[in-house]
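Take a look at the structure below.
Only the coordinates and a few stated rules stand behind these numbers; no lab work does. All values derive from a computational prediction rather than experimental measurement. Positions of Cβ are backbone-derived with ideal geometry, glycine not excepted, and every protein chain shown enters the neighbour counts.
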Amino acid sequence: MYIDMSQCINCDACLRACPPNFGAIFNHGIDVVILPELCSGCDKCLDPCPVDCIYPLPADEWEPAPDDWWEEPLSANDPYV
Ligand code: SF4
Ligand code: SF4
């Protein structure tokens, strides 16, 4: 999944909905991002999003997260990182 940041209103509803065993969604500066390496595709973040700005990421568009997206999970000592 990926978040269209041009539509996102930074409400954090998706962040709270992402199951803790995946924990794929993080605040990153003013953005909310999904770490593609951690996302299972479980869809639990979709319904809570009030503006429907989370979309499936086509397999052929999958790319590793930029290095700076890992700053928050690493600084939080995320056990899954
Ligand atoms: S699809 Fe599931 S694992 Fe991926 S970001 Fe959404 S809630 Fe988290
Ligand atoms: S639920 Fe939707 S609008 Fe809210 S932070 Fe997540 S992606 Fe952005």
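Confirm whether Leu15 is crowded, with 17+ Cβ neighbours inside 10 Å, within 11 Å of ligand 1 (Cβ to nearest atom) and touching a residue at least 12 places away in the same chain (Cβ under 8 Å).
On the way: crowded, with 17+ Cβ neighbours inside 10 Å: yes; within 11 Å of ligand 1 (Cβ to nearest atom): yes; touching a residue at least 12 places away in the same chain (Cβ under 8 Å): yes.
So Leu15 fits the description; yes.
Do we have Asp68 as away from ligand 2 (no atom under 14 Å from the Cβ) and in contact (Cβ under 8 Å) with a residue 40 or more places away in the chain here? Quick ask: steps written out before the conclusion?
Values: away from ligand 2 (no atom under 14 Å from the Cβ): yes; in contact (Cβ under 8 Å) with a residue 40 or more places away in the chain: yes.
Considered against the rule, which asks whether it is away from ligand 2 (no atom under 14 Å from the Cβ) and in contact (Cβ under 8 Å) with a residue 40 or more places away in the chain, Asp68 comes out as yes.
As an exercise: evaluate Pro36 against (1) closer than 16 Å to Trp70 by Cα; (2) within 11 Å of ligand 2 (Cβ to nearest atom) and give the number of the one condition it does not meet.
Looking at each condition in turn, Pro36 falls short on (2).
Residues in the stretch 52-64: is at least one outside any loop (DSSP other than H, G, I, E, B) and among the acidic types (Asp, Glu)?
Here is the first cut: in the stretch 52-64, the ones outside any loop (DSSP other than H, G, I, E, B) are 54-55, 59-61.
Remaining after also requiring among the acidic types (Asp, Glu): 60-61.
There is at least one residue in the stretch 52-64 that is outside any loop (DSSP other than H, G, I, E, B) and among the acidic types (Asp, Glu).
Cβ-Cβ below 9 Å, separation at least six or inter-chain, first residue in the stretch 38-61 and over 11 Å from Asp4 (Cβ atoms), second part of a loop (DSSP other than H, G, I, E, B) and β-branched (Val, Ile, Thr): which pairs?
Leu38/Val81; Pro50/Ile9
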